[in-house]
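These notes are about the structure you will find just below.
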2 protein chains.
Amino acid sequence: MTKLRVESFTISLDGYGAGPDQSLENPLGIGGMALHAWAFETRTFRQMFGQDGGTTEVDDRFAARGFDNIGAWILGRNMFGPIRGHWPDESWKGWWGDNPPYHVPVFVLTHHPRAPIAMDGGTTFHFVTDGIESALRQARAAAGGRDIRVGGGVETIRQYLRAGLIDEMHLAIAPVLLGAGEHLFAGIDTVKLGYRCAEQVPTANATHVVLKRTPGGA
Amino acid sequence: MTKLRVESFTISLDGYGAGPDQSLENPLGIGGMALHAWAFETRTFRQMFGQDGGTTEVDDRFAARGFDNIGAWILGRNMFGPIRGHWPDESWKGWWGDNPPYHVPVFVLTHHPRAPIAMDGGTTFHFVTDGIESALRQARAAAGGRDIRVGGGVETIRQYLRAGLIDEMHLAIAPVLLGAGEHLFAGIDTVKLGYRCAEQVPTANATHVVLKRTPGGA
């Protein structure tokens, strides 16, 4: 059965998935890059960006499993790019160059319609203007029985979480404080929604936890 | 120099230091006891309650260091007991029996005056009605150059944290979700207050982090 999964999503010790004052220069907010140190050092992430080497232990295992059996992705618009409001033209095609690291259909949540963009390497960006359930339906149809990964950002994950639609969630808790920013869980009662911590694997760089939802809820 | 320290304070993955619906039966709120599994299994905690055995590795090292060089404690009233409002009589003497595990002066924050209580084993409970700074001054005078430990609960720690008075904070992040309850960091910008994560030591039972404040702030 197709699952909706969050993978390799990193939060700070104080629960923020992005720092304050996000901007084009600081797309993850002030201090936000520090969250992802554990991931950038893995072989999986380095390969994705054409680099050699990298860690191959637990951190890498979690980074790698985030790409296992994924048939489609869902992204919030801010993860696709910095443009807000109407698309001024067709030139922006994501942060990732001509051959993005997805290689499957990617559904981008936006209020502003745009024609799909077929990229090299199997990635096609589809723009969904009628909400998170519609994006999930379309992703499910495209995933061919494989799972769907919600890439983020924080607000997109919060929307799917609140709706109880996320089946499994791998979080990495990084040993940094952000102080402010976008909080992943604020005001969301994960226990009432049926989530529990199914796995905890700490490393020197992050604490990995896997949250799962029990069908039927709490 | 006397430091104000928080030690062995445990929060859930979603940041709560106590669960929802605290009551006499569930003083830590629903699900709150699960936070402390890592601590209850340590030799340090078991000895404190007259039991043999227990873990002796990293978890125990953190539990034990929480008692090193402590010359006084500060507790919120709810940690001292379940009674709210005026003291009906002098009978309640804490949760811990005749010989509490403090063995030094303990300053209890309350709005309701009460005479000090000298217990067996060196613990004396002092009741402070004029706020957190006063409690800290009195604790400092009593600590004889050693450190002061803020025991909790969440709201007491938040008050000292907001005031930038805590020098060092050992938190354990337990692999459980609480969903609701008392959130340790909500609305507190620890980075602006000058805190950073100085140490992270994960175990199978919890992720231990030590936060330190840089004098002068952020």
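The values are calculated or read from the model by the stated rules, or taken from the named source; none is laboratory data. In this text, all values refer to a predicted model and were calculated from it rather than measured experimentally. Cβ: placed from backbone, ideal geometry, glycine included. Neighbour counts: every protein chain shown. Note: areas computed on protein heavy atoms with side chains; ligands, DNA, RNA excluded. Shrake-Rupley method; radii C 1.70, N 1.55, O 1.52, S 1.80 Å.
For segment B:1-49, filtered to residues that are at positive phi and within 13 Å of chain A (Cβ to nearest Cβ), the residue that is surrounded by the fewest Cβ atoms within 10 Å (Cβ to Cβ) is B:21. On the given criteria, is residue B:57 within 14 Å of chain A (Cβ to nearest Cβ), surrounded by fewer than 22 Cβ atoms within 10 Å (Cβ to Cβ), over 18 Å from the mean Cα position of the chain (by Cα) and among the acidic types (Asp, Glu)? Yes, satisfied.
Every residue, every condition in (1) among the β-branched types (Val, Ile, Thr); (2) assigned to a strand (DSSP E or B); (3) touching a strand residue (DSSP E or B) at 6+ places or on another chain (Cβ under 6 Å), yes or no:
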position: B:21; (1), (2), (3): no, no, no
position: B:24; (1), (2), (3): no, no, no
position: B:28; (1), (2), (3): no, no, yes
position: B:34; (1), (2), (3): no, no, no
position: B:37; (1), (2), (3): no, no, no
position: B:44; (1), (2), (3): yes, no, no
position: B:51; (1), (2), (3): no, no, no
position: B:62; (1), (2), (3): no, no, yes
position: B:73; (1), (2), (3): no, yes, yes
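Looking across segment A:75-108, not a single residue is open to solvent by 10 Å² or more (accessible area, probe 1.4 Å), over 14 Å from residue A:124 (Cα atoms) and assigned to a strand (DSSP E or B).
Any idea which of B:43, B:84 is free of Cβ contacts under 8 Å to residues at least 24 places away in the same chain, under 27 Å from residue B:187 (Cβ atoms) and among the basic types (Lys, Arg)?
Of the residues listed, the single one that is free of Cβ contacts under 8 Å to residues at least 24 places away in the same chain, under 27 Å from residue B:187 (Cβ atoms) and among the basic types (Lys, Arg) is B:84.
Residues are listed down the side, and each one gets a yes or a no for (1) surrounded by 17 or more Cβ atoms within 10 Å (Cβ to Cβ); (2) within 23 Å of residue B:133 (Cα to Cα); (3) more than 7 Å from chain A (Cβ to nearest Cβ):
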| residue | (1), (2), (3) |
| --- | --- |
| B:161 | yes, yes, yes |
| B:170 | yes, yes, yes |
| B:178 | yes, no, no |
| B:181 | yes, no, yes |
| B:192 | no, yes, no |
| B:197 | yes, no, no |
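Yes or no: residue B:66 in contact with a Ser or Thr (Cβ under 6 Å, 6 or more places away or on another chain), open to solvent by less than 30 Å² (accessible area, probe 1.4 Å), more than 14 Å from chain A (Cβ to nearest Cβ) and closer than 15 Å to residue B:150 by Cβ? Taking the combined requirement at face value, the residue satisfies it.
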